[in-house]
Amino acid sequence: MKIAIPVKDNSLEIFPRTGQAPYFAIFNDSKFSHLVKNTIEEHDEENASIDHVEFHRKQVEALGDIDAVLVLKIGKHIKQALDEKNIQIIEFPNSNFKNAKDLIEAYFNNKN
């Protein structure tokens, strides 16, 4: 299972807003694989439109062939872009996770 988690940088600190994250950490099952730089330059929630969803579609395409994203918080436009690609969204809205490796470990421990 290939999973993406929004992160701040190579420290793998979780970034709280999925669509605004500078990077995504890509995991193959529970093993960290690599970082993907987010295509975001300026993210403008005020001008939400069909073009805004298209912007997020490009972000999702840049992630490659992923099966799921683990997130703390997700906006409606990137959620729509992920849903269109049948990418599973697994939310942890009230969690205290700070690092992507801790989040992925908890996900797989709870899954078994």
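A search for C-beta distances below 8 Å between a residue of the range 51-77 that is over 12 Å from Pro6 (Cβ atoms) and in contact (Cβ under 8 Å) with a residue 12 or more places away in the chain and any residue that is polar (S, T, N, Q) and surrounded by fewer than 17 Cβ atoms within 10 Å (Cβ to Cβ), counting only pairs 6+ apart in sequence or on different chains, returns Val53/Gln80; His56/Gln80; Lys58/Thr39; Ala62/Thr39; Asp67/Gln88; Ala68/Gln88. Among the residues making up the range 88-112, a single one is closer than 18 Å to Glu13 by Cβ, basic (Lys, Arg) and part of a helix (DSSP H, G or I): Lys101. Taken over the range 16-46, the criterion of being modelled with pLDDT of 90 or more, under 16 Å from Leu63 (Cα atoms) and assigned to a loop (DSSP other than H, G, I, E, B) is satisfied by Ala21, Pro22, Asp29. Scanning the range 59-87 for residues that are closer than 21 Å to Asp29 by Cα and part of a helix (DSSP H, G or I) yields Val60, Glu61, Ala62, Leu82, Asp83. Return the pairs, sorted by first residue and then second, in which the second residue is modelled with pLDDT under 95 and basic (Lys, Arg), the first residue lies in the range 84-112 and is over 14 Å from Ile3 (Cβ atoms), the beta carbons are less than 8 Å apart, and the residues are 6+ apart or on different chains. Once the first residue is over 14 Å from Ile3 (Cβ atoms) and sits in the range 84-112, its partners that are modelled with pLDDT under 95 and basic (Lys, Arg) give Glu84/Arg57; Pro93/Lys73. Of the residues making up the range 88-112, those that are within 14 Å of Thr18 (Cα to Cα) and either crowded, with 17+ Cβ neighbours inside 10 Å or small (Gly, Ala, Ser) (or both) number 1.
The values are calculated or read from the model by the stated rules, or taken from the named source; none is laboratory data. Please read these numbers as outputs of a predicted model, since none were measured by experiment. Cβ atoms come from the backbone with ideal geometry, glycine included; neighbour counts cover every protein chain shown.
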